[in-house]
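Undergrad: Pasting in a structure now, in structure tokens, and then I'll have a few things to ask.
Each reported figure results from applying straightforward, stated rules to the coordinates on display, with no laboratory input. Since this is a predicted model, take the numbers as computed values, not measurements. So basically every Cβ, Gly included, is an ideal-geometry build from the backbone, and we count neighbours across all protein chains shown.
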Amino acid sequence: MLSAAFLVQALLATAAFAIPSGKERMASRRSRRSDVTRQSKPVNLITNPQTTNVSHVEYSENWAGAVLVASTATYKAVTGTFTVPTPKSTGGSSEQCASAWVGIDGDTCDSAILQTGVDFCVTGSSVSYDGWYEFYPDFADDFSGISFSAGDSVTVTATVISTTEGTLTIENNSKGTTVSTTVSSSSKLCEYNAEWIVEDFEECGSTCELVPFANFGTVEFTGAEATTSSGTVTPAAATLIDIEQNSVLTSVSVSGSSVTVSYV
């Protein structure tokens with residue numbers, strides 16, 4: 001008969017063996033992402049928000065952040081730097097995610113978006129990060145050759161080459177790595193909008209649905225600038241957007257060349 005001590009040791013050893021490593025968790029996530037498609041979408045504004053006490057804030061189900069809207073100038077590039085957060089679960093066992101990105105168009109022009117950013121996801125206490133790029137309405141692609149950890153300083157940049165072509169770049173300043181790609185689309189940019197956004201993005205299998213939204217803490221875009229056909233501007237005059245899903249989930253503020261998005 002096995003002793004009680006031996007049984008306890010055996011159970012502990014089995015439990016330890018069953019805990020996946022960080023690499024195994026990442027491999028599992030990569031495998032899952034290969035079975036679905038990831039997509040950012042144009043802002044989906046809420047026409048009758050529950051909260052209307054801040055006149056300069058709009059509400060949407062998927063975007064939180066700051067958007068510049070051109071009156072005469074057109075936007076040619078947008079950039080910003082943020083610190084990779086540690087997402088936290090809001091409850092339940094399903095994976096929860098959010099994404100920080102910069103982009104051109106998607107607000108007053110919803111036919112195309114040139115964008116790049118970092119997804120941060122959490123399942124229980126396990127977190128994962130993916131750098132991606134997208135020329136909506138095409139689906140997103142993950143960058144290879146770059147990795148992220150909580151606390152890393154990351155700079156993301158979207159640059160317009162033409163209305164149907166652009167360059168998307170992510171720099172991990174903390175790790176000293178940079179990835180970049182040039183993408184094209186049959187859908188044309190309007191170059192009306194430049195934005196700094198934390199998004200609740202969609203994953204598409206048989207249907208497309210917003211992913212459960214993670215508590216991302218705070219994402220602050222610093223060095224936020226947009227290049228126009230006539231010069232460089234900050235988001236100081238941007239329209240602010242908060243996410244509302246039954247209740248308001250974010251709080252956005254702008255100060256000079258910084259955009260701060262906080263989960264509330």
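Undergrad: So if each residue of separation counts as 0.36 nm, and I subtract the Cα-Cα distance between SER93 and LYS188, what length gain in nm does that give?
TA: Gain in length upon complete extension: 30.2 nm.
Undergrad: Say each of VAL36 and SER257 gets a label point 7 Å from the Cα, pointing the same way as Cα to Cβ; how far apart are those two points in nm?
TA: Computed distance between label sites VAL36 and SER257 equals 3.7 nm.
Undergrad: With label points built 7 Å along Cα→Cβ from the Cα atoms of SER180 and ASN44, find their separation and express it in nm.
TA: Each label point lies 7 Å from its Cα, and together they span 3.5 nm.
Undergrad: In nm, give the distance between the simple-model label positions of THR108 and THR72, each being 7 Å from the Cα along the Cα-to-Cβ direction.
TA: So the label points at THR108 and THR72 sit 1.4 nm apart.
Undergrad: Calculate, axis by axis, the spread of Cα positions in segment 21-263 along the three principal axes, and write the results as whole Å, longest axis first.
TA: 52, 41, 36
Undergrad: Here is a further query. Under 17 Å from a label point 7 Å along Cα→Cβ of SER247: give me every residue in segment 212-235 with its amide N that close.
TA: From segment 212-235, the list is 213-217.
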